[in-house]
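Worksheet for the structure shown next.
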Amino acid sequence: MGSSPALPRSTNPAALLAHLAAVLTSPDWFLNPSLPRLPALLTPSLPESLPVPLPVRLAAAAARAAAPSRHLLAVALPVVLRLHSLSPPPLRPLFDRPFASLLAHLSRFALAPLALRLFAHMHRHAPPAPTAPTYNAVIRSLCRRADLARALRYLSLMVRSGWRPDAYTFNSLIVGYCRTNQVDVARDLFDKMPLRGFAQDVVSYATLIEGLCEAGRIDEAVELFGEMDQPDMHMYAALVKGLCNAERGEEGLLMLRRMKELGWRPSTRAYAAVVDFRCRERKAKEAEEMLQEMFEKGLAPCVVTCTAVINAYCKEGRMSDALRVLELMKLRGCKPNVWTYNALVQGFCNEGKVHKAMTLLNKMRACGVNPDAVTYNLLIRGQCIDGHIESAFRLLRLMEGDGLIADQYTYNALINALCKDGRTDQACSLFDSLETRGIKPNAVTFNSLINGLCKSGKADIAWKFLEKMVSAGCTPDTYTYSSFIEHLCKMKGSQEGLSFIGEMLQKDVKPSTVNYTIVIHKLLKERNYGLVARTWGEMVSSGCNPDVVTYTTSMRAYCIEGRLNEAENVLMEMSKNGVTVDTMAYNTLMDGHASIGQTDHAVSILKQMTSVASVPNQFTYFILLRHLVRMRLVEDVLPLTPAGVWKAIELTDVFGLFDVMKKNEFLPNSGTYSSILEGFSEDGRTEEATSLVSLMKEDSISLNEDIYTALVTCFCKSKRYLDAWVLVCSMIQHGFIPQLMSYQHLLSGLICEGQTDKAKEIFMNSRWKDYSPDEIVWKVIIDGLIKKGHSDISREMIIMLERMNCRPSHQTYAMLTEELPDRE
């Protein structure tokens, strides 16, 4: 006789069930000494003195232990069936209760395949034979899975077997009809229940209300709810969810409050619906308050609900709040999934903080969550937008190293970035490689290439790609044609652009607002105002309403002409027509007033734009400072380039701007200082930058992350590296994470100045755990040191990283091998 399986040390139900399954494979299973102990271990609440034979007790314990979990039910079912098969015939009828218990749980989880397996076993190996509750459990599980056709077959078998359908059966069928989008049939069945002698209970009402809500028939659901004298909490929960999904969340919230007033604890589903509604409304704070309330009431929000709140904060740009909710959900036992981390990755990338998004790669792996193709695509796009195309290609290698397949989205981001960087030859080569990679280019791929080629003056190649686009089955759209219209207007004038639009109309291709705006812009430059009016009229009559770019183009022309009243009228027309006035539009009007010496009026526009939540940018303050410099300089010798203007700007000009702003009751804020400091930092003007920081402190304005970054850049450009290091340390002390490019400039600069030991000291004392090890190597070591000839020091720094337990991936080690020169 072989050795019997030993009882596991763990009292985990899965381990105990696995042990029981192993025991039952032995011919002398009934002799195993662990069997009498198993019922109490599986289900401590099961009475030990239960006067039933051991096999039945084991089956009952297995069924009860598996109840809370889909996985455990799948494990327990074959064990219970095996116990039934191994039991002598006189014991088999006693399995009716374990079978009924299992069926109830299988039906609750809609585990129809398992329920059908149990039914088939009962049918073949009776007793116990299927009864009305057995049929009902199978029908309910099938209906919940929208498998109505099979449910009806089992209903027919139920009737043929002599069992009469009851209210439970009708309620199950109502579920089935609702879930197969046959709500009218479900309503008819609901109405016929009293005629068949069955009362419509709360389950009937709740089921039909939920079906009506899912079908979008909310008013009917509300009316049906009103017919019930005493609706229960399930009916309330169904209606809360339906109202929230129908964008009637305030009514849903009232229903939720009513549930609380009645002394009920609203269900997880009801709360989740309200949370999701708040998130869609972009009210992340209110959504989080509901989430907190769920936790306080002992409910367990699912990962989808928690992720919705995180995503809402990310969309609002409130990343610190998003991270706080992430920690809260982990603390409460809700494990984040890949979608949770992807929301955070996208949020950081949208904020231009790709280095923070990159750190999530390691953090999610540490939590047992593997990045997917979406994660990598978001990071690749983020690196491209940030101007780090080489790092984007390195991410592609990491992606492939993780066994993930790059798709259209991946290559579209890379091709678009190369085109925008003027590297059209590389973009074309990458395009040519798509076929061998099994990637089919789409309209976005072709449009990126065509636009890049036209902007690079390679229109002849762009035309060839247009032919390829059509051959590939991609229909050119208005974006495709915009590239050609813009090229023709630039090279040959507005008439060529208009002719192209004419050809589009002849081919039944409707031009877009963008197409017309390009031509209107050129016509305004040519001062052909008569044709502008005619083209504008054609645009509107064809159903293309002017957008913010069209209006801004018109406004700019008026400003150049000095016709500021007409420019102001354009702004009013935009607001009247519901077109959101953006920063560029305000900047254009501000520039018009500043250019004729109306500084106060220009600042009043600045004040107006902030009042409507339009954020001033660096160019906004550049416009005002340029005007003040022009007033200061006697001769018109002001350089035309922005870089030249920033060189000419002095602190007195900045102070003059601040005086005008204060005079117009608009105080400089952190955004004002940040924009001006960025301008000074590009030229390494540390004295001016230091003076502005002192002024900020006097005005009790704290340095933010962008200001710190600008200051570090400024000091590095003026080769004051030790001062830059002091700023980096201060930045970290205030809770900010410096960008890796700051470290690149700092360490490379120190080594170039012969301060290698200091560079090593700084590297050793830096908080690299806050970054992705791969990105540290890419941006600081490869791009910053190796490419500037500091290979030996780079090797030392790699060793330092390893000692700090900050190891890059195998793919990055391979990149290092490719970049480092061989030692002689």
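With the requirement that a residue be open to solvent by 20 Å² or more (accessible area, probe 1.4 Å), part of a helix (DSSP H, G or I) and closer than 23 Å to ASN337 by Cβ, what does the range 265-288 give you? Even if it seems obvious, please write down each step before you answer.
Of the range 265-288, the ones open to solvent by 20 Å² or more (accessible area, probe 1.4 Å) are 265, 267-269, 272, 276, 278, 280-283, 285-286.
Filter again for part of a helix (DSSP H, G or I), leaving 268-269, 272, 276, 278, 280, 285-286.
Those that are open to solvent by 20 Å² or more (accessible area, probe 1.4 Å), part of a helix (DSSP H, G or I) and closer than 23 Å to ASN337 by Cβ: THR268, ARG269, ALA272, ASP276, ARG278, ARG280.
Among the residues in the range 799-816, are any charged (D, E, K, R), under 26 Å from GLY403 (Cα atoms) and open to solvent by 10 Å² or more (accessible area, probe 1.4 Å)? Even if it seems obvious, please write down each step before you answer.
Taking the range 799-816 and keeping what is charged (D, E, K, R), we get 802-803, 807.
Among the residues that remain, those that are also under 26 Å from GLY403 (Cα atoms) are: 802, 807.
Adding the requirement that they be open to solvent by 10 Å² or more (accessible area, probe 1.4 Å) leaves 802, 807.
Yes, the range 799-816 contains at least one residue that is charged (D, E, K, R), under 26 Å from GLY403 (Cα atoms) and open to solvent by 10 Å² or more (accessible area, probe 1.4 Å).
Can you name the residue in the range 443-500 that is β-branched (Val, Ile, Thr) and open to solvent by 30 Å² or more (accessible area, probe 1.4 Å) and, of all such residues, is nearest to ILE520 (Cα to Cα)? Give the derivation first.
Looking only at the range 443-500, we keep the residues that are β-branched (Val, Ile, Thr), and these are 444-445, 450, 461, 470, 475, 478, 480, 485.
Those left that are additionally open to solvent by 30 Å² or more (accessible area, probe 1.4 Å): 444, 461, 470, 475, 478.
Working: VAL444: 25, ILE461: 26, VAL470: 28, THR475: 25, THR478: 16 Å.
Here the residue is THR478.
Give me the residue from the range 302-328 that is open to solvent by less than 20 Å² (accessible area, probe 1.4 Å) and in contact with a Lys or Arg (Cβ under 8 Å, 6 or more places away or on another chain) and, out of that set, nearest to ALA366 (Cα to Cα).
MET319
Inspect the range 343-361 for any residue being touching a Lys or Arg at 6+ places or on another chain (Cβ under 8 Å) and of a type in the set (Phe, Trp, Tyr) and give the result as yes or no.
Yes, the range 343-361 contains at least one residue that is touching a Lys or Arg at 6+ places or on another chain (Cβ under 8 Å) and of a type in the set (Phe, Trp, Tyr).
Does ASP386 fit the bill of being of a type in the set (D, E, K, R) and out of contact with any Gly (no Cβ under 9 Å at 6 or more places or on another chain)? Spell out how you get there, then give the answer.
Values: of a type in the set (D, E, K, R): yes; out of contact with any Gly (no Cβ under 9 Å at 6 or more places or on another chain): no.
In short, no.
Out of all the residues in the range 615-633, which are surrounded by fewer than 19 Cβ atoms within 10 Å (Cβ to Cβ) and assigned to a loop (DSSP other than H, G, I, E, B)?
VAL615, ASN617, LEU633
In this structure, is LYS760 touching a residue at least 12 places away in the same chain (Cβ under 8 Å), at positive phi and open to solvent by 30 Å² or more (accessible area, probe 1.4 Å)?
Working: touching a residue at least 12 places away in the same chain (Cβ under 8 Å): yes; at positive phi: no; open to solvent by 30 Å² or more (accessible area, probe 1.4 Å): yes.
For LYS760, the condition - touching a residue at least 12 places away in the same chain (Cβ under 8 Å), at positive phi and open to solvent by 30 Å² or more (accessible area, probe 1.4 Å) - is not met.
Can you tell me which residue within the range 519-572, out of those that are in a helix (DSSP H, G or I), under 42 Å from the mean Cα position of the chain (by Cα) and among the polar types (S, T, N, Q), is surrounded by the fewest Cβ atoms within 10 Å (Cβ to Cβ)?
SER541
Let me spell it out: the conditions are (1) closer than 22 Å to ILE623 by Cβ; (2) open to solvent by 10 Å² or more (accessible area, probe 1.4 Å), and ILE676 meets all of them except one. Which number is the exception?
Condition not satisfied by ILE676: (2).
For the range 491-533: of the residues being out of contact with any Pro (no Cβ under 7 Å at 6 or more places or on another chain) and of a type in the set (S, T, N, Q), which is modelled with the lowest pLDDT?
GLN506
Within the range 763-792, can you find the residues that are open to solvent by 10 Å² or more (accessible area, probe 1.4 Å), over 16 Å from ASP386 (Cβ atoms) and in contact (Cβ under 8 Å) with a residue 60 or more places away in the chain?
ASP770
Can you tell me how many residues in the range 207-238 are at pLDDT 90 or above and of a type in the set (A, V, I, L, M)?
Adding up the residues that qualify gives 7.
Does any residue of the range 367-385 turn out to be over 20 Å from the mean Cα position of the chain (by Cα), of a type in the set (Gly, Ala, Ser) and assigned to a loop (DSSP other than H, G, I, E, B)?
Checked against the condition, which is being over 20 Å from the mean Cα position of the chain (by Cα), of a type in the set (Gly, Ala, Ser) and assigned to a loop (DSSP other than H, G, I, E, B), the range 367-385 yields no hits at all.
Among the numbered criteria (1) assigned to a helix (DSSP H, G or I); (2) surrounded by fewer than 16 Cβ atoms within 10 Å (Cβ to Cβ), which one does THR588 miss?
Just one mismatch for THR588, condition (2).
Return a yes/no flag: does the range 426-438 have any residue that is among the acidic types (Asp, Glu) and open to solvent by 70 Å² or more (accessible area, probe 1.4 Å). Break it down into steps so the answer makes sense when it comes.
Step one: list which residues in the range 426-438 are among the acidic types (Asp, Glu), which gives 432, 435.
Narrowing the set further to residues that are open to solvent by 70 Å² or more (accessible area, probe 1.4 Å) leaves 432, 435.
For the range 426-438, residues among the acidic types (Asp, Glu) and open to solvent by 70 Å² or more (accessible area, probe 1.4 Å): present.
GLN755 versus (1) surrounded by 13 or more Cβ atoms within 10 Å (Cβ to Cβ); (2) under 24 Å from TYR376 (Cβ atoms): which is the lone unmet condition?
(2)
Between residues in the range 715-738 that are closer than 10 Å to GLY749 by Cβ and residues that are open to solvent by 50 Å² or more (accessible area, probe 1.4 Å), which pairs lie under 6 Å by C-beta distance while being six or more apart or on different chains?
Listed pairs, sorted by first residue: PHE715/ASP723; CYS716/HIS745.
Taking only pairs six or more apart or across chains, which ones have beta-carbon atoms under 6 Å, a first residue in the range 357-375 that is in contact (Cβ under 8 Å) with a residue 40 or more places away in the chain, and a second residue that is open to solvent by less than 60 Å² (accessible area, probe 1.4 Å) and of a type in the set (Phe, Trp, Tyr)?
Correct list of pairs: THR359/TYR771.
Tell me, which residue of the range 679-691 that is part of a helix (DSSP H, G or I) and surrounded by fewer than 22 Cβ atoms within 10 Å (Cβ to Cβ) is modelled with the lowest pLDDT?
To start, the set of residues in the range 679-691 that are part of a helix (DSSP H, G or I) comprises 679-682, 686-691.
If we keep only those that are surrounded by fewer than 22 Cβ atoms within 10 Å (Cβ to Cβ) as well, we get 682, 686-688, 690-691.
On the way: GLU682: 85, THR686: 93, GLU687: 94, GLU688: 93, THR690: 94, SER691: 94.
By that ranking, first place goes to GLU682.
Do the conditions hold for SER101, that is, is it of a type in the set (Ser, Thr, Tyr), without any contact (Cβ under 8 Å) to a residue 60 or more places away in the chain and more than 16 Å from VAL52 (Cβ to Cβ)? Give the steps one after another, and end with the answer.
Values: of a type in the set (Ser, Thr, Tyr): yes; without any contact (Cβ under 8 Å) to a residue 60 or more places away in the chain: yes; more than 16 Å from VAL52 (Cβ to Cβ): no.
It is false that SER101 is of a type in the set (Ser, Thr, Tyr), without any contact (Cβ under 8 Å) to a residue 60 or more places away in the chain and more than 16 Å from VAL52 (Cβ to Cβ).
If you check LYS607, LYS525, which single one turns out to be out of contact with any Lys or Arg (no Cβ under 8 Å at 6 or more places or on another chain), within 16 Å of LEU657 (Cα to Cα) and not acidic (Asp, Glu)?
Details: LYS525 fails: within 16 Å of LEU657 (Cα to Cα).
After applying the criteria, what remains is LYS607.
Is it the case, given these coordinates, that THR513 is within 31 Å of the chain's Cα centre (by Cα), within 21 Å of GLU538 (Cβ to Cβ) and surrounded by 15 or more Cβ atoms within 10 Å (Cβ to Cβ)?
Working: within 31 Å of the chain's Cα centre (by Cα): yes; within 21 Å of GLU538 (Cβ to Cβ): yes; surrounded by 15 or more Cβ atoms within 10 Å (Cβ to Cβ): yes.
Yes: the conditions hold for THR513.
When the range 46-68 is examined, which residues are found to be touching a helix residue (DSSP H, G or I) at 6+ places or on another chain (Cβ under 8 Å), open to solvent by 30 Å² or more (accessible area, probe 1.4 Å) and over 20 Å from PRO90 (Cα atoms)?
GLU48, ARG64
Enumerate the pairs (first residue in the range 273-299 and touching a residue at least 12 places away in the same chain (Cβ under 8 Å); second residue anywhere and among the charged types (D, E, K, R) and in a helix (DSSP H, G or I)) with beta-carbon separation below 6 Å, excluding pairs fewer than 6 apart on the same chain, so at least 6 apart or on different chains.
Short answer, once both residue conditions are applied: ALA273/LYS241; ARG278/GLU286; ALA287/ARG278.
Starting from residues that are outside any helix (DSSP H, G or I) and touching a residue at least 60 places away in the same chain (Cβ under 8 Å), keep the ones in the range 646-673 and report whichever is surrounded by the most Cβ atoms within 10 Å (Cβ to Cβ).
Filtering the range 646-673 down to residues outside any helix (DSSP H, G or I) leaves 649-650, 664-669.
From what is left, the residues that are touching a residue at least 60 places away in the same chain (Cβ under 8 Å) are 664, 666.
Numbers: ASN664: 16, PHE666: 18.
The selected residue is PHE666.
The values are calculated or read from the model by the stated rules, or taken from the named source; none is laboratory data. This is a predicted model, so every value here is computed, not measured. Backbone-built Cβ (ideal geometry, glycine too); neighbour counts: all protein chains shown. We work out accessible area using only protein heavy atoms, side chains counted, and drop any ligands, DNA or RNA first. Shrake-Rupley method; radii C 1.70, N 1.55, O 1.52, S 1.80 Å.
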